[in-house]
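Asker: Submitted below is the structure of interest, expressed as structure tokens.
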Amino acid sequence: MPYVTSVERIGRQEGARDSILEAIDERFKMIPKDIVESVKAIEKNEILKSLLRHAISCENLDVFRGFLKKSV
């Protein structure tokens, strides 16, 4: 496994967070502030990957919020 610098890791996390928020915006035409703040606070890549999948497939924002609360 190649070495990943902290700068690269932070960049990947920012990219993942942006993708989650973009998916929510595209699906629901809005991004509530509480969701933005919660997503921006997550640092674990596994959780970010899982949240992206849920952002793409969840039926509504309340379902996404529920998953987000379980993940944090």
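Readers should treat all values here as calculations from the given coordinates under stated rules, not as data from a laboratory. Nothing here was measured: the structure is a model prediction, and the numbers come from that model. Note that we place each Cβ from the backbone using ideal geometry, even for glycine, and neighbour counts take in every protein chain shown.
Asker: Add +1 for every Lys or Arg and -1 for every Asp or Glu among the other residues with Cβ under 14 Å from the Cβ of ARG27, and state the total.
Answerer: Here the count lands on -2.
Asker: Something else: Dividing the Cα radius of gyration by the Kirkwood radius, what Rg/Rh value follows for the chain? Mind showing how you got there, number by number?
Answerer: On the way: Rg = 12.4 Å, Rh = 12.4 Å.
Value, to two decimals: 0.99.
Asker: Right, another one. How much length is gained if the chain between ASP34 and ARG53 is pulled fully straight, taking 0.36 nm per residue apart and subtracting their Cα-Cα distance, in nm to one decimal? Kindly include the intermediate steps, with their values, before the conclusion.
Answerer: Details: separation 19, 0.36 × 19 = 6.84 nm, distance 1.90 nm.
Stretched out fully, the ASP34 to ARG53 stretch lengthens by 4.9 nm.
Asker: LYS69 versus VAL7, label points 7 Å from Cα toward the beta carbon: distance in nm?
Answerer: Once both label points are built, they end up 4.0 nm from each other.
Asker: Out of residues 5 or more away from CYS58 or on other chains, whose amide H comes under 5 Å of its own, with H placed 1.01 Å from N in the peptide plane?
Answerer: Distant-sequence amide H within range of CYS58: zero hits.
Asker: Also, I was wondering about something else. Residue-wise, which Karplus ³J(HN,Hα) couplings in Hz belong to the stretch 56-68, taking 6.51 cos²θ - 1.76 cosθ + 1.60, θ = phi - 60°, and x for glycine or proline?
Answerer: 6, 10, 5, 7, 7, 5, 5, 5, 4, 4, x, 5, 4
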